[in-house]
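Enquirer: Pasting a structure here, questions to come.
The values are calculated or read from the model by the stated rules, or taken from the named source; none is laboratory data. If you're wondering where the values come from, they're calculated on a predicted model, not measured in any experiment. Note: ideal-geometry Cβ built from the backbone for every residue, glycine included; neighbour counts use all protein chains shown. Surface areas here come from the heavy atoms of the whole protein model, side chains and all, with no ligands, DNA or RNA. Shrake-Rupley method; radii C 1.70, N 1.55, O 1.52, S 1.80 Å.
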Amino acid sequence: MASDKGPSAGDATLRRRIEPREFEVFFDPRELRKEACLLYEIKWGTSHRIWRNSGRNTANHVELNFIEKFTSERHFCPSVSCSITWFLSWSPCWECSKAIRGFLSQHPSVTLVIYVSRLFWHLDQQNRQGLRDLVNSGVTVQIMRVPEYDHCWRNFVNYPPGEEDHWPRYPVVWMKLYALELHCIILSLPPCLKILRRCQNQLTLFRLTLQNCHYQMIPPHILLATGLIQLPVTWR
């Protein structure tokens, strides 16, 4: 049952929460806005306490800002593990991917999980290789799904009273198409997804083009999950 109250006034994260409109425009997978937003959680050792905050692009990308702030403010004890979860409106570019790997190599007690709303310039081969290098170095990279959007709404957004169960219900098919393209990137396959922007009416369109290698290497349940793909039939 929905409460008649928004986030509690005693919630330690209240002053660090973003407004609903900000969440809606930053994390809508249909929007191709230039600015990026990072929502993050940090957990130390066996403690159940989770530190939450957010960041934006400045002169640097949000990933670089996080690394600079985190390393300057935290004292690292090699015997204490640190788990970090990022919720990014855009996936890291190749330069940020390189910086992330450098940060993690210097701090082996830190683990990182990254959820992204969209893929940043995903046709660029350097960006694709950067994401592959992240995954190969042990970083978990996934597309945000309904549970992640719901989690962010509840824990990072200053939602209105009685609307903790509400969040902008983005079309699930967009999430699944981005997830399909991320599989192509990780498997070193050619792009299967192109994104077109019609400036005249501000529409963002997906164009899906599959080759034989996609059918051969991507698990069938990933292809079928979009609801847009029929697997080719092989007659014997």
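Enquirer: Run residue 24 past the list (1) more than 16 Å from the chain's Cα centre (by Cα); (2) at pLDDT 90 or above; (3) within 15 Å of residue 163 (Cβ to Cβ) and report the number of the one that doesn't hold.
Expert: Among (1) more than 16 Å from the chain's Cα centre (by Cα); (2) at pLDDT 90 or above; (3) within 15 Å of residue 163 (Cβ to Cβ), the lone unmet condition for residue 24 is (1).
Enquirer: Would you check which residues across the stretch 11-21 are of a type outside the set (A, V, I, L, M) and either open to solvent by 70 Å² or more (accessible area, probe 1.4 Å) or at pLDDT 95 or above (or both) and list them? Give the steps one after another, and end with the answer.
Expert: Step one: filter the stretch 11-21 for residues of a type outside the set (A, V, I, L, M), giving 11, 13, 15-17, 19-21.
Selection gives 15, 19, 21.
Enquirer: Being among the charged types (D, E, K, R) and touching a strand residue (DSSP E or B) at 6+ places or on another chain (Cβ under 7 Å) is the filter; apply it to the stretch 34-49 and report the residue that is farthest from residue 155 (Cα to Cα). Break it down stepwise before answering.
Expert: Taking the stretch 34-49 first, the residues among the charged types (D, E, K, R) are 34-35, 41, 43, 49.
Keeping just the survivors that are touching a strand residue (DSSP E or B) at 6+ places or on another chain (Cβ under 7 Å) gives 35, 41, 43.
Numbers: 35: 21, 41: 10, 43: 15 Å.
Taking the candidates together, the pick is 35.
Enquirer: Please determine, by comparing only the residues of the stretch 31-52 that are surrounded by 15 or more Cβ atoms within 10 Å (Cβ to Cβ) and in a loop (DSSP other than H, G, I, E, B), which one is modelled with the highest pLDDT.
Expert: First pass over the stretch 31-52, keeping only residues surrounded by 15 or more Cβ atoms within 10 Å (Cβ to Cβ): 31, 36-44, 52.
Then drop every residue that is not in a loop (DSSP other than H, G, I, E, B), which leaves 31, 36.
Numbers: 31: 83, 36: 92.
So, considering only residues that are surrounded by 15 or more Cβ atoms within 10 Å (Cβ to Cβ) and in a loop (DSSP other than H, G, I, E, B), the one modelled with the highest pLDDT is 36.
Enquirer: Would you say residue 99 is in contact with a Pro (Cβ under 9 Å, 6 or more places away or on another chain) and either hydrophobic (A, V, I, L, M, F, W, C) or closer than 19 Å to residue 135 by Cβ (or both)? Steps first, please.
Expert: Working: in contact with a Pro (Cβ under 9 Å, 6 or more places away or on another chain): yes; either hydrophobic (A, V, I, L, M, F, W, C) or closer than 19 Å to residue 135 by Cβ (or both): yes.
Spelling it out, residue 99 is indeed in contact with a Pro (Cβ under 9 Å, 6 or more places away or on another chain) and either hydrophobic (A, V, I, L, M, F, W, C) or closer than 19 Å to residue 135 by Cβ (or both).
Enquirer: Here's something else I'd like to know. Looking at the structure I just gave you, is residue 176 open to solvent by 10 Å² or more (accessible area, probe 1.4 Å) and at pLDDT below 95? Break it down stepwise before answering.
Expert: Values: open to solvent by 10 Å² or more (accessible area, probe 1.4 Å): yes; at pLDDT below 95: yes.
So residue 176 passes the test.
Enquirer: Among what's in the stretch 196-236 and is open to solvent by 80 Å² or more (accessible area, probe 1.4 Å) and at pLDDT 80 or above, pick the residue that is farthest from residue 179 (Cα to Cα).
Expert: 212
Enquirer: Let me ask something else about it. Hey, residue 84 hits all of (1) touching a Pro at 6+ places or on another chain (Cβ under 7 Å); (2) under 21 Å from residue 60 (Cα atoms) but one; which does it fall short on?
Expert: Failed condition: (1).
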